[in-house]
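Only one structure is covered here, and it is reproduced in the block below.
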């Protein structure tokens, strides 16, 4: 091989390695500190809920094409590794939704 060919071959073999730990983030100022896909407002809980509804990673990608498949699978991995935490967040969200719905309807009835 010529030196140029060897350099070209070596360059073509390099890959872009993604640290999976950078794909899921938390920030108290975004999504209420819920774990979410970095650079988005898509929470791990939302991805986990879609998975529980029967969607796989590719189906979730079709519904949310702004995401990347590796982001979806990172969120699913986080969900399964921290299921108790995520389910507690989802349960708390459901309770808050119910509370607000009752408040809304009670205000409507009193008018």
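Every number in this text was worked out from the coordinates using simple rules, so none of it is lab data. All of these numbers come straight from a predicted model, not from anything done at the bench. Using ideal geometry, Cβ is built from the backbone for each residue, glycine included, and neighbour counts are taken over all protein chains shown.
In what sequence do 40, 22, 15 fall when counting other Cβ within 10 Å, fewest first? Don't jump to the answer; show the numbers that get you there.
On the way: 40 15, 22 10, 15 6.
Result, fewest neighbours first: 15, 22, 40.
When the chain is treated as a Gaussian network with alpha carbon springs shorter than 10 Å, the biggest mean-square fluctuation among 85, 70, 98 belongs to 98. Each of residue 93 and residue 18 was given a label point 7 Å from its Cα along the Cα-to-Cβ line. The distance between the two points is 2.2 nm. Note: relative contact order over the chain, using C-alpha pairs below 8 Å and six or more positions apart, is 20 percent. Here 44, 25 are placed in order of increasing Cβ neighbour count within 10 Å, fewest first, which gives 25, 44. In a GNM of the chain with a 10 Å cut-off on Cα contacts, which of 38, 88, 74 has the highest mean-square fluctuation? In the Gaussian network model the winner is 88.
State the label only: which of [x] 7.7; [y] 11.0; [z] 8.5 corresponds to mean projected area of the Cα convex hull in nm² computed from the shown model? Matching the structure shown: [y].
Provide the gained length on full extension for the span residue 64 to residue 84, in nm with one decimal, where the gain is 0.36 nm per separating residue minus the Cα-Cα distance.
On the way: separation 20, 0.36 × 20 = 7.20 nm, distance 2.51 nm.
4.7 nm is the gain from fully extending residue 64 to residue 84.
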